[in-house]
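What follows is a short report on a single structure.
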Amino acid sequence: MDAVTSKAKPSKGKIGNANIEAKREAYYARISKMDLAPLWKVLKDIIPAEPKTVCAPAIWHFKDVKASIHEAGGLITAEEAQRRVLVIENPNLRGKSRVTQSLYAGYQLIMPGEVAPPHRHSASAIRFILDGGGAYTQVDGEKTIMNSGDFVTTPHWTMHDHGNASKEPMIWLDVLDVPTVNFFETSFYEHFENEKQNTRREDQDSLARFGSGVLPDGTDTSLNRSPIINYPYAKMKPVLDRLVKAGDVDPRHGARVRYANPFNGGWVMPTMGANLAMLPKGFKGKEYRSTDSAIFVCQEGEGTTKVAGQTFEWGPKDLFIIPSWMKYSHQAKKDSVLFSISDRPAQELLGIWREQA
């Protein structure tokens, strides 16, 4: 046997050199000075086999946070703060003003007689009304009175202000796509000096114009977001009741509707989509997961949600988070209504949304 054939051959795909690791580390150090890095060191982290969320599932019980929300009312005015909001932070994303990787959420408080002055921004926003009734949001000249369970939209770059002419404080959930907008570094903001904008259209005008099965002649239906400002709970709840009565109850989600853009049947916004679902008493949902991280709020009822080995017990106005690709299932102790919102529309537009029943 000659000397060449007697030598041990390196295994396929590997460089046979006892000092290779030291050489590699020296190489990495050299290229780092040129702001370069080896893909093979991070490939499994940046392109994992399946989603690996950094978010934690979490729940906020309204009875635990309500006093702290009201306390803010005695510390700073709506005018000083512009928006008196307690940011809801995911436990794994503290300090980043995020409830999920793509969404911001917060509890907003407006006291009787207050006005939160008008502004607009690149980020889109929604309000889901939690506590109180009679305050208003005004969006591009349409004033809508808000009550518990109402779903109010503030599309990107629309002027909006809030006011409370009622005799009780109002608390609602804000959800914005701020982290998504900031990821693209495309945020703009404009504050208006006027205390409030001029009202051109009254409460539920946009719902009557665009959500009644007819459209005014000349309506531009190419808009990629809903023209409706307020989807009142008083009008949405009867739809859920009809679905339950007819037996249209999904084994995972219950009797669920999607807040829709009446122009095209799509989601209300290109970056955020919302649903409202009724879980009949005794409902035991099948396990489900999807790539969109979702915020859930109990509008009425009582139940539990199992996620990642935890069981969240929820009741009216409680809020909980289901991170991306975590399996979960709902159970209802009594007839219950759950509101939910996520970044599913953005994922669908990018072609990356996936679900598993």
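Throughout, read-outs are computed from the coordinates displayed, never taken from laboratory work. This is a predicted model, so every value here is computed, not measured. Counting neighbours? That spans all protein chains shown, and the Cβs are built from the backbone with ideal geometry, glycine included.
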Handout entry: Residues that are assigned to a loop (DSSP other than H, G, I, E, B) and over 30 Å from Gln299 (Cβ atoms), drawn from the range 25-62
Key = Lys33, Met34, Asp35, Leu36, Ala37, Pro38, Val42, Ile47, Pro48, Ala49, Glu50, Lys52
Exercise for the section: Determine whether the range 323-335 contains at least one residue that is in a strand (DSSP E or B) and closer than 20 Å to Ala105 by Cα. Expected result: no
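Here is a yes/no grid of residues against (1) closer than 23 Å to Gly163 by Cβ; (2) of a type in the set (D, E, K, R):
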{"position": "Leu207", "(1), (2)": "yes, no"}
{"position": "Gly213", "(1), (2)": "no, no"}
{"position": "Asp220", "(1), (2)": "no, yes"}
{"position": "Asn224", "(1), (2)": "no, no"}
{"position": "Tyr231", "(1), (2)": "yes, no"}
{"position": "Leu240", "(1), (2)": "no, no"}
{"position": "Ala260", "(1), (2)": "no, no"}
{"position": "Asn264", "(1), (2)": "no, no"}
Exercise for the section: Output yes when any residue across the range 202-210 is aromatic (Phe, Trp, Tyr), closer than 30 Å to Asp318 by Cα and not in a loop (DSSP other than H, G, I, E, B), and no when none is. Expected result: no
Practice task
Only residues that are within 19 Å of Gln347 (Cα to Cα) and surrounded by 12 or more Cβ atoms within 10 Å (Cβ to Cβ): list them for the range 233-270, please.
Solution key: Arg258, Tyr259, Ala260, Asn261, Asn264, Gly266, Trp267, Val268, Met269, Pro270
Handout entry: Exclusive hit being surrounded by fewer than 17 Cβ atoms within 10 Å (Cβ to Cβ), assigned to a strand (DSSP E or B) and not polar (S, T, N, Q), set Lys306, Lys286
Key = Lys306
Problem - From Tyr107, Tyr136, residue being under 16 Å from the mean Cα position of the chain (by Cα) and assigned to a strand (DSSP E or B) - result: Tyr107
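Hey, does the range 56-64 have a residue that's in contact with a helix residue (DSSP H, G or I) (Cβ under 7 Å, 6 or more places away or on another chain), of a type in the set (Val, Ile, Thr) and under 30 Å from Ile171 (Cβ atoms)?
Going residue by residue through the range 56-64, those that are in contact with a helix residue (DSSP H, G or I) (Cβ under 7 Å, 6 or more places away or on another chain) are 56, 58.
Still in the list and also of a type in the set (Val, Ile, Thr): none.
Among the residues of the range 56-64, not one is in contact with a helix residue (DSSP H, G or I) (Cβ under 7 Å, 6 or more places away or on another chain), of a type in the set (Val, Ile, Thr) and under 30 Å from Ile171 (Cβ atoms), which makes the answer no.
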Handout entry: Filter pass, Leu338 being farther than 15 Å from Leu279 by Cβ, in contact (Cβ under 8 Å) with a residue 60 or more places away in the chain and within 17 Å of the chain's Cα centre (by Cα)
Key = no
